[in-house]
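Since every read-out is calculated from the coordinates, none of them should be taken as a lab result. Source: prediction; values computed, not measured. Quick reminder, even Gly has a Cβ in these numbers, built from the backbone with ideal geometry, and neighbours come from all protein chains shown.
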Amino acid sequence: MKLRVVFAGTPDFSVPCLEACRASGAEVVAVYTQPDRPAGRGRKLTPSPVKQAAEAAGIPVEQPESLKSAEAQATLASYAPDLMVVVAYGLILPRKVLAIPRLGCWNVHASLLPRWRGAAPIQRAILAGDAESGVDLMQMEAGLDTGPVLLERRTPISRDDTGGSLHDRLAALGADVLAEGLARVMAGETLAARVQPEEGVTYAHKLDKAEARLDFQRPAIELERQVRAFDPWPVAEGEISGELLRVWAARAVDGRPDATPGTVIGMSRDGIDVACAEGALRITALQRAGGKRITAADYLNGMKTRSS
């Protein structure tokens, strides 16, 4: 069975899923993405990664500010989609939109639902110390990530994972699970839908730059997760010896129990140890204001040069 698919997505995370749709044999008749936004130092209007991929593939692109108007809904209906695939699109789909495709709308979501519904599931999973994450292929409903799950892929979260590394792995898994779903439906199969349990619901609220500030009154392991989760954005920052620094990499280690939180208790080529409420945070990569990311060893060498 040939499928007419409308794809809706915006950031880098969505691009592998768009490519999976194209590779599946389905006909991607249109791509929906957020309007161009100002980006970079010049604040120049920049197309989304999904728009760039769609235009490179010669697929028509639609960029409505909203899907609530009758005009926007009529435009979508004119593509006569069998299925709409939504991956980190960024716009809410009204009930009337959900009803337009013959097979409804699918969503690829970067968590193991019902845990971490919402905007920032990748970072929230790391912040919470979750042992695993994954992607769910879900049949969309009007609620926020409440629909039944069709297929799922899981992956462990290692202590070396950052927001960036987990993002990239889940983007690839999302493409895999979507490709399987499309192949099975085009082979005539009806995917079994698993209703999400009511227990275990958590919400992954949107990231705020204010969350990036390291509070050394907290346990070191929590700050380590914060550093990992906020790499590459918004990047953790903390005051070290009176200087506000961006902290790119750090590890929780044992610290002196009598040290005041926020005090530097050790400096070596291995890193800068800062006392926390429990243990210490060993900072191994950092960035001064106006500078570039450097190792702790390079930072300490620079301190020696400045003081000599």
**Request:** Scan region 172-190 and report the pairs whose first residue is crowded, with 20+ Cβ neighbours inside 10 Å and whose second residue is of a type in the set (D, E, K, R) and in a helix (DSSP H, G or I), with Cβ atoms within less than 8 Å and a gap of 6+ or a chain change.
**Result:** 175/19
**Request:** Scan region 139-157 and give yes if some residue there is in a helix (DSSP H, G or I), of a type in the set (Val, Ile, Thr) and buried (at least 17 other Cβ atoms within 10 Å of the Cβ), otherwise no.
**Result:** no
**Prompt:** So how many residues does region 1-57 have that are surrounded by fewer than 17 Cβ atoms within 10 Å (Cβ to Cβ), touching a residue at least 40 places away in the same chain (Cβ under 8 Å) and of a type in the set (A, V, I, L, M, F, W, C)?
**Reply:** 2
**Asked** Can you name every residue in region 258-276 that is in contact with a helix residue (DSSP H, G or I) (Cβ under 8 Å, 6 or more places away or on another chain) and assigned to a loop (DSSP other than H, G, I, E, B)?
**Response** 269, 270, 276
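With hydrophobic (A, V, I, L, M, F, W, C) and within 20 Å of the chain's Cα centre (by Cα) as the only criterion, which of 191, 170, 214, 182 stands out?
On the way: 191 fails: within 20 Å of the chain's Cα centre (by Cα); 214 fails: within 20 Å of the chain's Cα centre (by Cα); 182 fails: within 20 Å of the chain's Cα centre (by Cα).
Sole residue among the options that is hydrophobic (A, V, I, L, M, F, W, C) and within 20 Å of the chain's Cα centre (by Cα): 170.
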**Message:** Please count how many residues of region 113-138 are in a loop (DSSP other than H, G, I, E, B) and under 19 Å from residue 89 (Cβ atoms).
**Reply:** 4
**Asked** Looking at region 197-214, which of the residues that are of a type in the set (A, V, I, L, M) and outside any loop (DSSP other than H, G, I, E, B) is nearest to residue 109 (Cα to Cα)?
**Response** 204
**Request:** Considering only region 191-216, state which residues are touching a Pro at 6+ places or on another chain (Cβ under 6 Å) and exposed (fewer than 14 other Cβ atoms within 10 Å of the Cβ).
**Result:** 193, 195, 200, 209
**Request:** Would you please name the residue that is farthest from residue 164 (Cα to Cα), looking only at residues in region 126-138 that are touching a residue at least 60 places away in the same chain (Cβ under 8 Å) and surrounded by 17 or more Cβ atoms within 10 Å (Cβ to Cβ)?
**Result:** 127
**Request:** Output the number of residues of region 277-296 satisfying the condition of being touching a helix residue (DSSP H, G or I) at 6+ places or on another chain (Cβ under 7 Å) and part of a loop (DSSP other than H, G, I, E, B).
**Result:** 2
**Item:** Test for residue 91: is it of a type in the set (A, V, I, L, M, F, W, C), farther than 21 Å from residue 27 by Cβ, touching a Ser or Thr at 6+ places or on another chain (Cβ under 7 Å) and in a loop (DSSP other than H, G, I, E, B)
**Value:** yes
**Message:** I need a count of the residues in region 221-256 that are assigned to a helix (DSSP H, G or I), touching a strand residue (DSSP E or B) at 6+ places or on another chain (Cβ under 6 Å) and over 15 Å from residue 293 (Cβ atoms).
**Reply:** 4
**Prompt:** Consider residue 15 against the criteria (1) in a loop (DSSP other than H, G, I, E, B); (2) under 22 Å from the mean Cα position of the chain (by Cα); (3) β-branched (Val, Ile, Thr): it satisfies all of them except one. Which criterion is unmet?
**Reply:** (1)
